Amino acid sequence: MRIIKHPASLKSILDKKCLKGSTVGFVPTMGALHEGHLSLVRASLNANHLTVVSIFVNPLQFNDATDLEKYPVTIEKDILLLSEAGTDILFLPGYSDVYPEENPVARAHYDLGSLESVFEGKYRPGHFQGVCAVVDRLLSIVAPTDLYLGQKDFQQVAVLRKMIQLKNHNTKIVVCPIVREQNGLAMSSRNARLSPAGKEKAGEIYQCLKIIKEKATQEPFETLKALVIHRLSENDIKTEYLALADTLTLEEVHSFDTNRHLIILIAAIIESVRLIDNMPLQ
């Protein structure tokens, strides 16, 4: 595995590879890697001639400075995991590499419409603008054939589809399934901040999503929502939002509809750690 820190060096290598017709898979991360990230890496390795993984903790996407300070940094472990997985190139840029003064991407505004005013956008103002800025810049450096993202960040996938369309990046998004802990908890770098007891309780989030899906033909959504929020609170989990949305538009709906493709979205807080998850109904 080659570790590259400067965009010009990476571009030079990739340009030579692409001249030979190589496909490039790209997995952007903020480090603190886990099996969810590695599943994206493996998917890329299986489908492309070359796989590039980036690690860059992007300050622009943290609407809470405390959240940024608490974000786990495990770079040595990350390098080992990526090397063992067979990653071709690890891109480790600094802030000025991603956001050089002469490049206005850090100050750009992306017209995301209603995508950034609902769910994650509502509770984390500015978050998706920061996500778009960093991925826009990374795509301009890597110019991958395929961009690998996880379904756990369902709304982020929709946002990045919009950004790619707006900026005309010649990149296809590949969405990979959520990877879960044994108790169903969606794998996340934030899970490292939970106590063992908290991590066990957090598995209730997944169990509650399953309950809603299993009872979708028997009970109204609002009834199940109230039941689930109460069950989570009994496990010291505060629900920030629990919603039903159209998978294509992310328009919120308030009742089950078998004629539409719907997804359950949740954000919840346990031990001051904010977790998200989702489950498609179809």
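Readers should treat all values here as calculations from the given coordinates under stated rules, not as data from a laboratory. This one's a predicted model, so the numbers in the text were calculated from it and none came from an experiment. Don't worry about glycine lacking a Cβ; one is built from the backbone with ideal geometry, like all the others, and counts go over all protein chains shown.
General observations
- Candidate cross-link partners of LYS213 among the aspartates and glutamates, defined by an alpha-carbon separation under 17 Å and a same-chain spacing of 8 or more, comprise GLU204, GLU222, ASP246, GLU252, ASP257, ASP277.
- The loop-placed trypsin sites (Lys or Arg not before Pro) in region 1-56, going by DSSP, that have at most 15 neighbouring Cβ atoms within 10 Å of their Cβ come out as LYS5, LYS20.
- Label-to-label distance, nm, for residues given as GLU200 and ASP236 (7 Å Cα→Cβ offset): 1.1
- GNM result for the chain, Cα springs below 10 Å: residue of LEU166, LEU147, LEU232 fluctuating most strongly: LEU166
- Positive-end residue, region 189-276 charge dipole about Cα centroid, Cβ charges, pick of ILE269, ALA197, ALA245: ALA197
- Antiparallel beta bridges, as assigned by DSSP with both residues in the chain, represent about 50 percent of the total such bridges.
- Longest site-free stretch - the chain; sites: GluC sites (Glu not before Pro), DSSP loop, at most 15 other Cβ within 10 Å: 103-250
- Charge dipole of region 2-176 about the Cα centre (unit charges at C-beta), most positive-ward option of THR66, SER22, LEU139: SER22
- A straight chain from ARG107 to THR223 at 0.36 nm per residue would run longer than the Cα-Cα distance by 37.4 nm.
- Total formal charge among the other residues, if their Cβ is under 15 angstrom from that of LEU147, Lys/Arg +1 and Asp/Glu -1: +2
- Evaluating kT/(6 pi eta Rh) at 25 °C and 0.890 mPa s, with the Kirkwood radius of region 2-176 over Cα pairs in the Stokes-Einstein relation, gives 149 µm² s⁻¹.
- In this Cβ point-charge picture (+1 for Lys and Arg, -1 for Asp and Glu), region 189-276 has a dipole of about 340 debye about its Cα centre.
- Separation between Cα centres of region 23-77 and region 82-118, rounded to whole Å: 11
- Size of charge dipole - the chain - debye, nearest 20, with Cβ of Lys, Arg +1 and Asp, Glu -1, no other charges: 640
- Based on the convex hull around the alpha carbon atoms, region 189-276 presents an average projected area of 5.8 nm².
- Semi-axis lengths (Å, descending) of the ellipsoid that matches the C-alpha gyration tensor of region 106-170: 19, 13, 10
- On Cα atoms only, tilt of 7-19 relative to the major axis of the chain in degrees: 80
- Estimated FRET transfer efficiency (ASN259, SER12; beta-carbon r; R0 45 Å; 0.05): 0.30
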